[in-house]
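Notes follow the structure.
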Amino acid sequence: MLKIEDLWVEVQGKEVLKGINLDIGTGETHCLFGKNGSGKTTLLMTLMGFSGYKVKHGRIIFKGEDITHMPINERSNLGLAISLQRPPTLKGVKLKDMLSICGGDEAVGKRLATEYAFGHFLDRDVNHGFSGGEIKKSELLQLLAQDPELTLLDEPESGVDIENLHVIGDMIRRLLQKEQHRNRQKSGLIITHTGFILNYVAADRGHVMLNGQILCQGNPVEIFEGIQKYGYEECAKCRL
Amino acid sequence: MSPLDNSKATDVQGQVSDEELLKRFTPASEVEQLGNLDEIDPEEVQKLRRTGVDLSGSGRIGSFLQTNCNVVECKCGFEGVELLPITEALKKYDGLKEYWWKLVSRDKDTFTREADAGLDNGYFIRALPGEKVVYPLQTCLYIRNENVSQRVHNIVIAEEGSELHIITGCATHPDLTSGLHIGVSEFFVKKGAKLVFTMIHNWGDEVYVRPRTGVLVEQDGVFLSNYVTLKGVKSIQTYPVATLMENAMARFNSVIVSPDGSDIDTGAKIILKGKSSRAEIISRTISYGGRVVARGHLVGDAPDIKAHLECQGLILEEKGIIHAIPELEAHLSNVDMSHEAAVGKIAQEEIEYLMARGLSEEEATSTIVRGFLNVKIDGLPEELERELEAAVAESQHGM
């Protein structure tokens, strides 16, 4: 599904990613761990193609196609989608309009919003005055309407209250076809700090990032336990 | 104060003097006049439709249409509202002494003097005491011939406890480019009354527009003004002045698009004279190469008043100019007055956010622009809201 080959990325003249290699197979879910500033968000933003993330070297192959320099919307049309950590507010653009953009028509968005008790947000401007949890819900609704093949999630649990954590978890499970145990087609790459997501979504592999490099890969639950016990740096060291 | 008095810093080179401008145009009374509605062409009907005027009269309680200087339609199907050409109202009410030139001075400038000396017509609208009308009354001031100057004077009165919605469309014939519109309007909102006035401008590329407006909102009264201009025009200069008495409320919303070659100088002044009165001036402006001056002047002259001013501008073509001039003037300490102004281009991250949802860069830009212009206006009846949305959607065509 996704193959990243020796990816070097610069942000505002500073080298942030230093030779990332990563493979995500069809139907697989991967988690990215790493402390603040290690380059996790940069990796996701680069995969989606946002400006300001300059690829200096390496390639990104998605579904067999080199998307390294492809415009954002073409990546989206190819089946790639992202939930941003802090998406911008779109004044005057209503959530129902946004969901129509994502799902192709108004009905899809309406049905999803009703299902997740978010119908009263349909007429509100996207992200305007939304709480942290509401932003995450709105992002995931948009992704469900988009129905992408590879979903990039940047800290989907941050700012979400305890009561809503399971709803967010359900939404992610649905996005990644977790109820389907054979021929699963949907893949995901999830940044998580709290690891909460592992309680809801069975991940196939975990990766620890440090200083723009992936230093450790393996079973995500074991890696997360290691991080909790010894910290990121120790965790990275022991696996070298 | 005339808007020209404090606009010297932003004067555009080559601007003609007011007197010179007047001389360029033929008075409306000296050109061919339209006899009745049937003589209006289908393409004119369509243009008026896009200006908020539905000549079939559906969804309206009444219609007033003046082309050049002739009133071709003036009827109202609702008994609680009186609608007359202003020339008839002046006769019927003995010169309308309490209202005529009471909120705008005859000697204010060249244009008010011109309207005083050579009046073509205008409308008189009065909602009777306690009468509440939800459907709008529509008025239309229409210039139908090339190079004509139209001079109108309007009086609108919402009597005590009444509620009235007016949608007014001002336009020129689709084939003509040049003209001058001078419009004096005086609005009287009596005790506890509510007046919602929505104006859509749809002129030609060489048309000069000079409205001169005064508003008085008495105790507990509400005045909401929505002003929309989305098409090319040579020059608009408008600066209504409203005075609010105790517990009264006024809000001026403007949605302005200035294409290349347009020079639009708009704004409002609100004097909060009565205790606990409230005022808001909100403008959304876009320049596609034209110039916009967005003024706002709030004067806090009584205790417990609350007033807010908001100017937001987007420059979408490099040549464009947006000049926001927000002014707050407090005369005592017990006031709550604020303003915010922001001018710039569309944030790249907003465009890219929409692109990540599948839109091309152009589609993303136009979605953001449409959203920016779609100001949610509280207190606007659904009917008028639809008109505004339609006008904004319409403005996207061909841009």
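Quick notes on this one:
- Of all residues in the stretch A:221-234, those that are closer than 18 Å to A:Ala203 by Cβ have Cβ atoms under 6 Å from Cβ atoms of residues that are of a type in the set (Gly, Ala, Ser) and surrounded by 13 or more Cβ atoms within 10 Å (Cβ to Cβ), 6 or more apart or on another chain, in A:Ile223/A:Gly206; A:Phe224/A:Gly195.
- The stretch A:76-86, subset at the interface with another protein chain (Cβ under 9 Å from one of its Cβ atoms) and outside any helix (DSSP H, G or I), residue nearest to the chain's Cα centre (by Cα): A:Ile82
- Listed here are the strands (runs of 3 or more DSSP E) enclosed by the stretch B:141-237 that have at least 2 residues being among the charged types (D, E, K, R): B:206-217.
- B:Asn334 vs. criteria polar (S, T, N, Q) and in contact with a Gly (Cβ under 7 Å, 6 or more places away or on another chain): no
- The one condition in (1) of a type in the set (A, V, I, L, M, F, W, C); (2) under 15 Å from the mean Cα position of the chain (by Cα); (3) part of a strand (DSSP E or B) that A:Met45 fails to fulfil: (3)
- Out of B:Asp260, B:Asp265, one residue alone is closer than 24 Å to B:Val16 by Cα, surrounded by fewer than 20 Cβ atoms within 10 Å (Cβ to Cβ) and among the acidic types (Asp, Glu). It is B:Asp260.
- Close pairs (7 angstrom Cβ cut-off, 6 or more residues apart or separate chains): on the phi > 0 side of the Ramachandran plot in the stretch A:45-60, among the acidic types (Asp, Glu) anywhere: A:Gly58/A:Glu5; A:Gly58/A:Asp6
- Only residues that are at pLDDT below 95 and either hydrophobic (A, V, I, L, M, F, W, C) or not assigned by TED's automatic domain parsing to the domain that holds B:Tyr99 (or both) were counted in the stretch B:137-163, giving 5.
- Residue count for the stretch A:57-75 satisfying the condition of being buried (at least 23 other Cβ atoms within 10 Å of the Cβ) and assigned to a strand (DSSP E or B): 1.
- Qualifying position, being touching an Asp or Glu at 6+ places or on another chain (Cβ under 6 Å) and away from every other protein chain (no Cβ under 13 Å), among A:Lys137, A:Lys54, A:Lys63: A:Lys54
- Screening B:Ser17, B:Ser7 for residues that are closer than 28 Å to B:Leu230 by Cα, modelled with pLDDT under 85 and of a type in the set (Ser, Thr, Tyr) leaves exactly one candidate, B:Ser7.
- Test: residue in the stretch B:202-210 that is within 24 Å of B:Ile40 (Cβ to Cβ), of a type in the set (D, E, K, R) and in the same structural domain as B:Val134 (by TED's automatic domain parsing): yes
One line per residue, one yes/no per condition, for (1) modelled with pLDDT of 90 or more; (2) assigned to a loop (DSSP other than H, G, I, E, B):
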residue	(1), (2)
A:Pro156	yes, yes
A:Lys178	no, yes
A:Ala203	yes, yes
A:Phe224	no, no
A:Gly231	no, no
A:Leu240	no, yes
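- Residue check, A:Ser38 within 14 Å of chain B (Cβ to nearest Cβ) and over 30 Å from A:Glu179 (Cβ atoms): no
- The condition (being closer than 22 Å to B:Lys92 by Cβ, in contact with a strand residue (DSSP E or B) (Cβ under 8 Å, 6 or more places away or on another chain), of a type outside the set (Asp, Glu) and in contact (Cβ under 8 Å) with a residue 12 or more places away in the chain) is satisfied by just one residue among B:Val196, B:Val184, B:Val207: B:Val184.
- If you go through the stretch A:175-211 and keep only what is under 19 Å from A:Pro148 (Cβ atoms), free of Cβ contacts under 8 Å to residues at least 40 places away in the same chain and loosely packed, with under 15 Cβ neighbours inside 10 Å, you end up with A:Glu179, A:Gln180.
- Some residue of the stretch A:142-151 being closer than 19 Å to A:Leu176 by Cβ, more than 13 Å from chain B (Cβ to nearest Cβ) and assigned to a loop (DSSP other than H, G, I, E, B): yes
- Extreme residue, farthest from B:Ser254 (Cα to Cα), among residues of the stretch B:303-313 that are crowded, with 23+ Cβ neighbours inside 10 Å and modelled with pLDDT under 95: B:Gly313
- Filtered residues of the stretch B:316-350 (kept if assigned to a helix (DSSP H, G or I) and either over 16 Å from A:Ser76 (Cβ atoms) or in contact with a Ser or Thr (Cβ under 6 Å, 6 or more places away or on another chain) (or both)): B:Gln348
- Here B:Val257 qualifies as in contact (Cβ under 8 Å) with a residue 60 or more places away in the chain, among the β-branched types (Val, Ile, Thr) and not assigned by TED's automatic domain parsing to the domain that holds B:Gly122.
- Conditions (1) touching an Asp or Glu at 6+ places or on another chain (Cβ under 8 Å); (2) away from every other protein chain (no Cβ under 14 Å); (3) surrounded by 14 or more Cβ atoms within 10 Å (Cβ to Cβ); (4) within 25 Å of B:Glu349 (Cα to Cα): number failed by A:Met1: (4)
- Enumeration of residues in the stretch B:258-291 that are outside any strand (DSSP E or B) and basic (Lys, Arg): B:Lys273, B:Lys275
- Residues satisfying the stated conditions in the stretch A:112-140, i.e. farther than 20 Å from A:Gly169 by Cβ and out of contact with any strand residue (DSSP E or B) (no Cβ under 9 Å at 6 or more places or on another chain): A:Gly119, A:His120, A:Gly129
- Selection within the stretch A:87-133: residues that are part of a strand (DSSP E or B) and closer than 21 Å to A:Phe50 by Cβ. The member of this set that is nearest to the other protein chains (Cβ to nearest Cβ) is A:Val93.
- Within the stretch B:357-372, residues that are at the interface with chain A (Cβ under 8 Å from one of its Cβ atoms) have Cβ atoms under 7 Å from residues that are surrounded by 17 or more Cβ atoms within 10 Å (Cβ to Cβ) and assigned to a loop (DSSP other than H, G, I, E, B) in these pairs: B:Thr367/B:Leu359, counting only partners at least 6 apart in sequence or on another chain.
- Screening B:Gly296, B:Gly300 for residues that are buried (at least 19 other Cβ atoms within 10 Å of the Cβ), of a type outside the set (D, E, K, R), touching a Cys at 6+ places or on another chain (Cβ under 9 Å) and over 30 Å from B:His173 (Cβ atoms) leaves exactly one candidate, B:Gly296.
The values are calculated or read from the model by the stated rules, or taken from the named source; none is laboratory data. All values reported here derive from a predicted model rather than from experimental measurement. Ideal geometry is used to build each Cβ from the backbone, glycine not excepted, and the neighbour counts take in all protein chains shown.
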